[in-house]
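For reference, the structure is listed below as structure tokens.
The values are calculated or read from the model by the stated rules, or taken from the named source; none is laboratory data. In this text, all values refer to a predicted model and were calculated from it rather than measured experimentally. For neighbour counting, all protein chains shown are included, and Cβ atoms are generated from backbone atoms with ideal geometry for every residue, glycine included.
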Amino acid sequence: MTARFEISSEPLVVDDVTQKVVSRNAGAITVFIGTVRELTKGKKTVSLEYEAYPAMAIKMFEQIEREMHEKWPEAQLAITHRVGKLDITDIAVVIAVSSPHRKIAYEANEFAIDRIKQIVPIWKKEHWEDGTEWIGDQLENVPYRAGAPKEELDD
Amino acid sequence: MINVLLFAHLRETVGEEKLVIEAEKMSVSDVKAWLEARYQLELSTVMSAVNEEFAMDHTIVQSGDVIAFIPPISGG
């Protein structure tokens, strides 16, 4: 079986990620597909570029899995995040979670995307018609003033 | 020697994705100061990781270690 956590420079295939969490114990699989949107606060994106620190990103995906198992021991997780240049509507990330029951599959999947945005070293560069910028202060992100994310310190 | 990895705007500002510092032992703060003295960088709000684990400013980096600077992330 291929690794459940991957950074890929090739276009993502949703079903490849989904298949990794298929289980006879599962009664539900939720799949989150993050895609490249054209408009952010009225500004038009032409394309995006994602960069990762792959070795550490994989370790952080594994940490998210450990955290998920503390909350929901029976859930299974697979994540693939794309890097490189992406066009509008391209898939940036696929998260698949299976679990015996539906509610946990939804909750654990949302937990995973929230934690990705907090601790996984991946960066997005927006290309607009009039310039570019590395995005680092999205409102949906937790700003870290210094040091490590809180969850790390609690370990 | 200490290996330094740079990403996103830090990589572009420095013009390199990897630097090597000839030193046996430094704190993360020391490495930040070393970089700020040589490049137009502001690292006070930038996270760091030593050998792929999040680190603090007082974490010690030894020869052979890899220190990465992690600007605010924007994956997902």
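Take the residues in segment A:111-125 that are without any contact (Cβ under 8 Å) to a residue 60 or more places away in the chain and of a type outside the set (Lys, Arg), then tell me which one is farthest from the other protein chains (Cβ to nearest Cβ).
The qualifying residue farthest from the other protein chains (Cβ to nearest Cβ) is A:Phe111.
Return a yes/no flag: does segment A:134-150 have any residue that is at pLDDT 55 or above and loosely packed, with under 13 Cβ neighbours inside 10 Å.
Looking through segment A:134-150, at least one residue is at pLDDT 55 or above and loosely packed, with under 13 Cβ neighbours inside 10 Å.
Let's see how each residue does on (1) within 22 Å of A:Ala55 (Cα to Cα); (2) free of Cβ contacts under 8 Å to residues at least 12 places away in the same chain; (3) outside any strand (DSSP E or B); (4) of a type in the set (Asp, Glu):
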site: B:Val20; (1), (2), (3), (4): yes, no, no, no
site: B:Ala23; (1), (2), (3), (4): no, no, yes, no
site: B:Met26; (1), (2), (3), (4): no, no, no, no
site: B:Trp34; (1), (2), (3), (4): no, no, yes, no
site: B:Glu42; (1), (2), (3), (4): no, yes, yes, yes
site: B:Ser48; (1), (2), (3), (4): yes, no, no, no
site: B:Asp57; (1), (2), (3), (4): yes, no, yes, yes
site: B:Val61; (1), (2), (3), (4): yes, no, no, no
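Among the residues of segment A:75-129 satisfying the criterion of being of a type outside the set (D, E, K, R) and in a loop (DSSP other than H, G, I, E, B), which is surrounded by the fewest Cβ atoms within 10 Å (Cβ to Cβ)?
The selected residue is A:Thr89.
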